[in-house]
Structure formats: structure tokens, C-alpha cells
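K.L.:
Dumping the structure here so I can ask a few things about it.
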Amino acid sequence: MKTLDQHLGELSVIELRVIARRQGLLVEAGGKDVLLAELLDQMSNPDHLAALWQELTPAQRDCLQALAGHDNRMPVAAFERTYGELRRFGPGLLQQEKPWQTPTGIAEELWYLGLITRGFEETEDGLHEFVGIPTDLLPLLPIRELSPPRFEFPSPANSPTSESIRRQNDRLLEDLATTLIYIYNQQVWITTRGQWRLQDLQQLFARWQSPPKERTSPPARGSRAALVLHLAEEAGFVVRSGRQLRLRAGRVREWLQLTRVEQKAVLFRAWYQSETWNDLCLTPGLRCEPGNWRNDPVLTRANVLDILLQAQPEQWYGLDAFIRAVHEQEPDFQRPDGQYDTWYISDRRGIHLRGYEHWFDVEGRLLRYLFKGPLFWFGMIVLAGEGDLWQLHPQAAQLVRPDAGGEDPAPPLKIGEDFRIVLPVGARLYDRFRVARFCSWESSQPSFCYRITRRGLRRAAASGITPQQVLEYLVKASHDTVPANVRQALERFRP
């Protein structure tokens, strides 16, 4: 922000005389330079500021305290929404209107005391206009130091019945792995519009543990299925070679060798940092209209996550009450400039949702989508019923900062005399990927089941995997419980 000298130097003589008079300063008549010098000298006097502080109203002190608590800069739009408009006047209109006599609110009261300034600053999101206290004046005011404000969550809700609680666990992780396996074993082509072919989607979704309800059409925008397909490319596992999808073998291998916690963290980070998955424009009921504007989905996720991770794990909250709390405390979580008239967003009826009065129609819907959608799908939160209640998963922080420690040994594969291989819950994705290289998929519920087939063994041999290597792997992965007939078949098989 500006210094007191810079701020006062930009004001007119009329404004300087008003500030001097309202502060009770004795300033001799003279030109602007003389007036400015004497005003700066007296306003920098700690004793004078201490006396002035005592004369301020509680509301005026709270405003200055709030500015200091926001790193001494608040977006002009957000500041005016709370403390009143800071009107701009030319010299003639200023003399005619005399706004200091009828200020619109606390903002103009402090402006004509010379205690606040405004100006543009460069941020990561571009150039924005802020309000703050002149930087050299701030340390002279008796403003108490504040710790970073914490988000105040609504009163805890009653615990729901156990039957109504819904957890995603590792389903998104498993479905993403299934997608990579499918691309590896099949030739997957995309349409001229860059979408998966319907026949591939139908076969793929049949293999998922959480298939979409609608399997006869491409996944809906913003749906869980669409997110899984997006993550396959966003995380760098899949590339497009012409119109064919191919795995990046090295990248996939590195990911498969991580722990489950680390694997989930990689997927979460791919969504969290994605600029092409725009949650706002994918929110059901909203449509982002073309125009010279943009939102920042990465910034929005960061701000929502900052709030979310302050929640008490395993404490139930009402989603409606939480959204109201965000509206009261952090309404500008996705609009750093506090402006609500510059984005072009409409609802299903085509009604433009511009202005702060549409906050619940835009920000409220976005939060509802994030909580019932991506945050739930990744397992960061747990929902109850139709999503009216939520709680922070006790391991949510590990999605952001995964534990580098090891995990429990993987359970052994179960191999039957009918050549079926069942991977128990919690089996390593690396094991499932290896099994799928020489087996044919049969089912994904309740556990993944594959069958050793001649076709699968020939496919493995074509990629350089011999039947002997398959047997050695199965002996190790099953803790040496390969049935005798399976062992003999693999020893005798010739591609």
C-alpha cells in the first residue's frame, strides 16, 4: 500500500484541509506543499495518533483492525460491501457535494480522516485495487496484533444413522487403475471431437467398481466418470497419439510402485492443480458464458481447502449451515477482487447471475458441487444421506501431504483350480495391473476377479512375458499357494 506521503500527495487541497480540520490540527494557510508538509509532520506524531484513536468510534476502530488483520489490504469491492462506498469526486463536484458532511459509511469517515488509502497492486491473479492503511501510519496506531483469523464452523449437527453414511474409500483410485489397464490391453481410439467412443466407454464402465448410472452416452460434464477420464491424462498417465490413447509406461510404473496413500495424493494433486478442469463451469445448473473474463479454479480450490482442513475430523456439519458460514466469513473465496459484476454466468433458464445478490446461486452452488462431487469422490470428506451432512475424513490431510512411510503388506492373491485369480480388498494396484497383463477380466464386485486364459498368456508373450515368469510371479504374490493344475498348465504352455 501507499505511504502517508504518497496518499496525501495525491489528494486535492480541499481534501487536505478537510482532513486537517477533522483531526483537529492547526495548519497554517499556504500552498499545497506547505499544507502537506505540516499535515505529515503532525499526523506522524504518536501522541496525536493516540489521542485520535481514543476519539474514533468502535466501528471505525474495528474497521482499521480488520484491515490490519487482512495484511493491510482488502479488495475495494469487498471493503465497500462492508464499510460503505468510497465515492470519487472531481474538484468542482467535491466542493459542491461536500461528502465529508454526509459520508456513506465508515469508509468515507476514515477517508476524510486521512487514515485509509486505496491503490492498485499486482497479485498472482492480476492487477487489483485495494484499500489499506498508509504503511508508515500503521505501526503508529495502537492496533493489537492478531493471529490469522480462523474459520468459525457452524454448530455441529447430530450424528446420522450408520446406514445413511456414504464413503468413497478407494473407488476413484481403483476406477482410474481400471481405466489404465483397459487402455493398455485394448486399442482405444477417440472421436474427431476428442471423446472416447461409446463402445469403449460401455466396456470400460462395466469394469469399474463405481460405474455411472448412464452407460449409453458419454459421461456428463463434471461427473465423476468424466473426472476419472480427465485425471488419466491430467496426471500424465495417458497421451494422445493421433486419435489413439496410449500409456506413458514409465510414468504409470512409477505411480503403481507408490503406496496407496501416495497414489491417491497424486490424483488429488492432478485435480487440485488442474487449470483445464474448471469446477465453476462444470457445476450443475450453471453455465459460463463466453466473454472477456476468467475465473481461477486453482485459487478457488486452495481457498476452499484452507477452510475445509480447519474442520474437526469426524465431526458432522450441515452443508447448508456451512455454506451460510462461508457466505458470512469468506464470501470472496473465488473472487480475489471482490467484484460480482464482471463474470458472465447464467442458470438453466438463461438468467444472468451477476451481482452479490446471486452469491448463493453461484458460489453456493459451486460449494455444494465441490462437497458432493470432487471432495467426496477423492475421499476427503464423508457424506450422509443425500449429502446434507458431511464430515472431514480423518486422513484427509494425507491427500495434501501424504505420509512417506510404508503401508501394511499386501494380502496374497487367491488362485483357484478353475484358473480364477481374486484380488482381495486392499490388493496393490501394481499386482492388479500385472495380473491383467496375462488374464481376462471377469468381474469387479465385490472384489476384482480375473481368469488365466490362453489369449491372455499369448498377449503377455507378445510383450515379452514368458509363462515361466508368470508362474514365478504368481508363486510369490499368492504366498506359494498356486494350485498344482495351474502350475502344471503354465509349465506346459507354449505361446
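The values are calculated or read from the model by the stated rules, or taken from the named source; none is laboratory data. As the structure is a prediction and not an experimental result, all values here were calculated from the model. Note that each Cβ is placed from the backbone with ideal geometry, even for glycine, and that neighbours are counted across all protein chains shown.
K.L.:
Please pick out the residue among GLY105, GLY132, GLY114, GLY119 that is without any contact (Cβ under 8 Å) to a residue 60 or more places away in the chain and either in the same structural domain as GLU80 (by TED's automatic domain parsing) or under 17 Å from LEU67 (Cβ atoms) (or both).
P.N.:
Result of the check over GLY105, GLY132, GLY114, GLY119: GLY105.
K.L.:
Considering only segment 319-404, give the helices (runs of 4 or more DSSP H) lying wholly within it that have at least 2 residues that are among the aliphatic types (A, V, I, L, M) and touching a residue at least 40 places away in the same chain (Cβ under 8 Å). So that I can check it myself, show each step before the final result.
P.N.:
Values: elements: 319-329, 365-372, 374-377, 397-400.
Where helices (runs of 4 or more DSSP H) fall fully within segment 319-404 and carry at least 2 residues being among the aliphatic types (A, V, I, L, M) and touching a residue at least 40 places away in the same chain (Cβ under 8 Å), they are 319-329, 365-372, 397-400.
K.L.:
If we keep just the residues of segment 49-64 that are part of a helix (DSSP H, G or I) and among the hydrophobic types (A, V, I, L, M, F, W, C), which is nearest to THR135 (Cα to Cα)?
P.N.:
Applying the first criterion (part of a helix (DSSP H, G or I)) to segment 49-64 yields 49-55, 58-64.
Subsequent filtering for residues that are among the hydrophobic types (A, V, I, L, M, F, W, C) retains 49-53, 59, 63-64.
Details: LEU49: 14, ALA50: 17, ALA51: 20, LEU52: 18, TRP53: 17, ALA59: 21, CYS63: 16, LEU64: 12 Å.
Only one residue tops the list, namely LEU64.
K.L.:
Could you look through segment 465-490, keep only residues that are touching a Pro at 6+ places or on another chain (Cβ under 8 Å) and hydrophobic (A, V, I, L, M, F, W, C), and pick out the one that is farthest from LYS414 (Cα to Cα)?
P.N.:
Within segment 465-490, the match that is farthest from LYS414 (Cα to Cα) is LEU490.
K.L.:
Continuing with the same structure: Would you confirm, using the coordinates I've provided, whether LEU94 is buried (at least 17 other Cβ atoms within 10 Å of the Cβ), part of a helix (DSSP H, G or I), of a type in the set (A, V, I, L, M) and in contact with a helix residue (DSSP H, G or I) (Cβ under 9 Å, 6 or more places away or on another chain)?
P.N.:
Yes.
K.L.:
Taking the options ARG193, ARG150, name whichever one is in a loop (DSSP other than H, G, I, E, B), assigned by TED's automatic domain parsing to the domain that holds GLN257, of a type in the set (Lys, Arg) and farther than 30 Å from LEU11 by Cα.
P.N.:
Numbers: ARG150 fails: assigned by TED's automatic domain parsing to the domain that holds GLN257.
So the residue among ARG193, ARG150 that is in a loop (DSSP other than H, G, I, E, B), assigned by TED's automatic domain parsing to the domain that holds GLN257, of a type in the set (Lys, Arg) and farther than 30 Å from LEU11 by Cα is ARG193.
A quick yes/no check of all residues on (1) in the same structural domain as ARG207 (by TED's automatic domain parsing); (2) surrounded by fewer than 19 Cβ atoms within 10 Å (Cβ to Cβ); (3) part of a loop (DSSP other than H, G, I, E, B):
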position	(1), (2), (3)
ILE421	no, no, no
PHE433	no, yes, no
SER440	no, yes, no
PRO446	no, yes, yes
CYS449	no, yes, no
ALA461	no, yes, no
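K.L.:
Here are GLY242, GLY291: which of them is touching a Phe, Trp or Tyr at 6+ places or on another chain (Cβ under 8 Å), at positive phi, at pLDDT below 95 and not aliphatic (A, V, I, L, M)? Steps first, answer last, please.
P.N.:
Numbers: GLY242 fails: touching a Phe, Trp or Tyr at 6+ places or on another chain (Cβ under 8 Å).
Only one candidate passes the filter, namely GLY291.
K.L.:
Which ones in segment 21-48 are exposed (fewer than 14 other Cβ atoms within 10 Å of the Cβ) and part of a loop (DSSP other than H, G, I, E, B)?
P.N.:
Correct list: GLY24, LEU26, GLU28, ALA29, GLY30, GLY31, ASN45.
K.L.:
I'd like to verify a number: residues in segment 105-155 that are over 30 Å from PRO297 (Cβ atoms), surrounded by 15 or more Cβ atoms within 10 Å (Cβ to Cβ) and not small (Gly, Ala, Ser), how many?
P.N.:
19
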